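All of the numbers you see were taken from the coordinates with simple rules; none came from a lab. All of these numbers come straight from a predicted model, not from anything done at the bench. Here the Cβ is made from the backbone with ideal geometry for all residues, glycine too, and neighbour counts use every protein chain on show.
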There are 2 protein chains.
Amino acid sequence: MKCRFCENTAEIVLRRHKIALCKKCYPSFFEKQVTYAIEKKKMFSKDDRICVAISGGKDSMSLLHVLKKLGFNVFAIHIDLGIDGYSDRCKEVVENYCHSNDIPLVLYDLKENKGKSIPELAKKKRRPTCSVCGTVKRQITNKLARENNCDVLATGHNLDDELVFVFSNLLNADVHMLARQKPVLDSRGLMVKKVKPLYRVMDAEVKYYADIEEIPYYAGKCPFARDAATTIYKKWWNELEEKRPGIKANFYFGFLRKIQPILESRIKQDESGLRACKLCGEPTNREICSVCMLFLE
Amino acid sequence: MKCRFCENTAEIVLRRHKIALCKKCYPSFFEKQVTYAIEKKKMFSKDDRICVAISGGKDSMSLLHVLKKLGFNVFAIHIDLGIDGYSDRCKEVVENYCHSNDIPLVLYDLKENKGKSIPELAKKKRRPTCSVCGTVKRQITNKLARENNCDVLATGHNLDDELVFVFSNLLNADVHMLARQKPVLDSRGLMVKKVKPLYRVMDAEVKYYADIEEIPYYAGKCPFARDAATTIYKKWWNELEEKRPGIKANFYFGFLRKIQPILESRIKQDESGLRACKLCGEPTNREICSVCMLFLE
């Protein structure tokens, strides 16, 4: 099979797009998808200062790479979560890449700053590690982004991540979470604007891009892994995609276009409820934010 | 393992309810589920005259059986669709059962009344058979129910049917269909009240009931079968249910409780648009109803 755009032999088949591409043409196809997402959703422009939250994994590293390549004004933030045999490797990837590519990097060491690593915190509080980690990362990325004067915070969530998030929240009929489930969340108060420029590309498509562009990333899994449910749902959707190419994008984009706006208009975002945490000053709905609650003795 | 309710050995394991039952106790458990559905959704009472649409398959035959057994005032309607090697067998089951159980039966022969069977109609119009059949059955069951002075029309849709219907419409982001997706639709104009008393029981649970109660039904498939998508989705959900018992009910009931009402309140049912078809007098949104359009030369 020939590449859609040149005379080379196609090596990458994108069944949902009904096209096949060679390795030389694939990156610009991928970059066009990302550019389309950024423009369609008015995420940011060349004048904006963009903070990219990077974990060291393939999605966030690819995001940083593609935004830099497209000429955006980026800097990176990375949180050292203190997870043995994992965090060190992630940090190494992140530091090397940013250094070689001349990208400013803000490093944040959780244990140094807050006294406890994620595993220590989860153990002490007897709460699921992924849930504790999510709560902490959400607040600290927002704080780092804001304190470093960015216009917008970009994260590496791809189509599969977003799809499974929507699906899980449909399973729980969590209307509030579904109402907030979109690739752009405008800033409000101390919360910076958040965007997901990879929301239109699938997991496998990001992997092709990272491999062809030779983007370094840490491919190991966090030892605490994802919760079983997310893994089951991803596998399950992949089986369906195999049988009906395009079904994942159809479902997720259909949700975004027609269902999310109805739910959002119904669920009034309780903006007035957002205030500064009494202890740390970060935005919260309560008197003391959930991160301070975690770190309190 | 012992039966939850007696000393017998349990033969039926209902993982989503975390119980196991013997064959003697299962029917009353099933009947309680149906009674709960009828009462919770105010479907009908002992004073109502209930029309049950029966195809001859396990779901509608079980519905007729359970309603009669629970002491409701029922009569049955059956449409002979004229499908070779299928309709005759269905009609035989239906006639025998109603005769033996002293249930009034209204038979409607499509070819006799409208001049064409479903296969003839689909072929002539070059439209998918299942779609033509659905359009015709929807109108004729409503007409027969109304003309036989019922208070409510009951159909045998079970939890799996409803779940897959919701899921398909989510995949297509069909907000109008999702807004109408509930186990009770009130009457409006010439449209009778429609209810689905089996909406809380799963496909396999109806099958157990039909087998234990020795309800006769035609187990063969319609030769035109269901469309491939529905079959794939049902299989796919069953695999997930296998791994996470209760997920189907959780998803469907969560949708009914929290999401459907929001969509329904947003999509105003265009009642004023409902009028009598110029040719047959049945309710429609257009000048000539979709069934008359099918039968027009």
Calculate I(q)/I(0) for chain A by the Debye formula, one identical point scatterer on each C-alpha and no solvent, and give its log10 at q = 0.07, 0.08, 0.11 Å⁻¹ to two decimals.
-> -0.28, -0.36, -0.71
Compare A:17, A:157, A:65 in a GNM of chain A, Cα atoms joined below 10 Å, and give the one with the largest fluctuation.
-> A:17
Semi-axis lengths, Å, the range A:94-231, gyration tensor of Cα atoms, sqrt of 5 times eigenvalues | 23, 22, 19
Set B:58/B:182; B:116/B:137; B:124/B:182, cut-off 25 Å on Cα-Cα distance; pairs above it are B:124/B:182
If all Cα-Cα distances of the range B:151-239 are sorted into 5 Å bins from 0 onward, what percent lands in each bin, rounded to whole numbers?
-> 3, 11, 17, 22, 21, 16, 8, 2, 0
The protein assembly as shown: D in µm²/s via Stokes-Einstein (Kirkwood Rh, Cα pairs, 20 °C, 1.002 mPa s)?
-> 77 µm²/s
Of the listed pairs B:18/B:243; A:41/A:207; A:23/A:194, those with alpha carbons more than 20 Å apart are A:41/A:207; A:23/A:194
Where labels lie 7 Å past Cα in the beta-carbon direction, separation of residue A:6 and residue B:124 in nm | 5.9 nm
Using a Gaussian network for chain A with springs between C-alpha atoms less than 10 Å apart, which of these wobbles most: A:40, A:23, A:116?
-> A:40
Which entries in A:125/B:2; B:91/B:248; A:32/A:235; A:46/A:234 show an alpha-carbon gap greater than 30 Å?
-> A:125/B:2; B:91/B:248; A:46/A:234
Distance in nm between pseudo-label sites at residue B:138 and residue A:138 (7 Å out along the Cβ direction from Cα) = 4.0 nm
Would you mind telling me which residue in B:148, B:172, B:238 has the biggest mean-square fluctuation in a Gaussian network model of chain B, where springs connect alpha carbons within a distance under 10 angstrom?
-> B:172
What shape does the range A:102-141 have by the C-alpha gyration tensor, where a ≥ b ≥ c are the square roots of the eigenvalues, rounded means a/c under 1.5, and otherwise prolate means a/b greater than b/c and oblate the rest?
-> prolate
State the Kirkwood hydrodynamic radius of the range B:1-137 in Å, one decimal place, computed from all pairs of distinct Cα atoms.
-> 17.5 Å
Taking a straight Cα-to-Cα line shorter than 13 Å from residue B:258, and setting aside same-chain aspartates and glutamates fewer than 8 residues away, one finds A:174
Label-point separation in nm, residue A:188 to residue B:288, each point 7 Å along Cα→Cβ | 5.3 nm
Give the percent of DSSP beta bridges with both residues in the protein assembly as shown that are antiparallel, rounded to the nearest 5.
-> 40 percent
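Give the order of A:264, A:7, B:287, B:205 when sorted by the count of other beta carbons within 10 angstrom, beginning with the fewest.
The most exposed by this proxy come first: A:7, B:287, A:264, B:205.
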Principal-axis tilt of helix A:159-171 within chain A, Cα atoms, nearest 10 degrees | 60 degrees
Helix A:26-40 sits at what angle to the longest principal axis of chain A, using alpha carbons and giving 0 to 90 degrees rounded to 10?
-> 50 degrees
